[in-house]
1. Give me a count of the residues in the range 3-27 that are over 16 Å from THR136 (Cβ atoms) and at pLDDT below 85.
2. Would you check which residues across the range 32-44 are in contact with a helix residue (DSSP H, G or I) (Cβ under 6 Å, 6 or more places away or on another chain) and under 22 Å from ALA10 (Cα atoms) and list them?
3. Could you grab the pairs with beta carbons closer than 9 Å, sequence gap of 6+ or different chains, first residue in the range 127-144 and under 17 Å from GLU175 (Cα atoms), second one of a type in the set (Val, Ile, Thr)?
4. Please work out which residue is farthest from ASP84 (Cα to Cα), limiting yourself to the range 9-36 and to residues that are of a type in the set (Gly, Ala, Ser) and either under 17 Å from the mean Cα position of the chain (by Cα) or surrounded by 16 or more Cβ atoms within 10 Å (Cβ to Cβ) (or both).
5. Hey, among ARG148, ARG114, which residue is farther than 30 Å from ARG170 by Cα, touching an Asp or Glu at 6+ places or on another chain (Cβ under 9 Å), assigned to a helix (DSSP H, G or I) and basic (Lys, Arg)?
6. Name the one entry in GLY101, GLY65 that is at pLDDT 90 or above and touching a Lys or Arg at 6+ places or on another chain (Cβ under 8 Å).
7. Mind counting the residues in the range 39-63 that are surrounded by 12 or more Cβ atoms within 10 Å (Cβ to Cβ) and either acidic (Asp, Glu) or in contact with a Leu (Cβ under 9 Å, 6 or more places away or on another chain) (or both)?
Amino acid sequence: MANTAGKATATTLLIPLRRGWAVWCRVLFPIARRLPAMTAPLRRQSFIHVAHWTLTDRLDGHPLGRTCFYFQSNFDGAMNEYVDVFEQAVPGRMRMIWAGGLDYPHLYPSERYRKWSVEHASHVQHYYAAYGHATTTEVAAALEVDERLDRFVRACDAAETDDEFDRRYRELLAEVARWL
């Protein structure tokens, strides 16, 4: 189950792990933190606001009976699209983590994996998105345009001619066009 706020979606998954899989994750996670190349494909996905993985054997102070993989994420779009991108962008990394989940159905066919993900999703009690009507890509683009517009305004010279201003303004538009 996922919650939405405008264009943003939040999800939380609690996946019970097979015995021994937590040891693999406790080795893998610190290595991934120290090797940026391992996490680079995920960090390049501009639609992801945040993704956080942790291991836990308790929930609200109550023992779960086994170690679970607790995953939280905020992203732009729908859950099915999110899962599809992960399957396509980082299938090997997905298997390294999720394959330890009880009843893991493998990534393919995708429909079984999506169903498994939704079955393990928890209702998010509260979700807030600062820019609910904009995606992370749109917010990043707006910040880029704002920075260049500020530079343009600071560089404006009251003594310049209309033609000079027009030329510089057209240069600004050409520069920021990729973010508009």
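1. Counting residues in the range 3-27 that are over 16 Å from THR136 (Cβ atoms) and at pLDDT below 85 gives 1.
2. Of everything in the range 32-44, those that are in contact with a helix residue (DSSP H, G or I) (Cβ under 6 Å, 6 or more places away or on another chain) and under 22 Å from ALA10 (Cα atoms) turn out to be THR39, PRO41.
3. ALA141/VAL176; GLU144/VAL176
4. Step one: list which residues in the range 9-36 are of a type in the set (Gly, Ala, Ser), which gives 10, 20, 22, 32.
If we keep only those that are either under 17 Å from the mean Cα position of the chain (by Cα) or surrounded by 16 or more Cβ atoms within 10 Å (Cβ to Cβ) (or both) as well, we get 10, 22, 32.
Working: ALA10: 16, ALA22: 25, ALA32: 22 Å.
Residue satisfying both the conditions and the ranking: ALA22.
5. Values: ARG148 fails: farther than 30 Å from ARG170 by Cα.
None of the others qualify; the one that does is ARG114.
6. GLY101
7. The qualifying residues number 6.
The values are calculated or read from the model by the stated rules, or taken from the named source; none is laboratory data. Quick caveat: nothing in here was measured; it's all calculated off a predicted structure. Here Cβ is always computed from backbone atoms with ideal geometry, including for glycine, and neighbour counts include all displayed protein chains.
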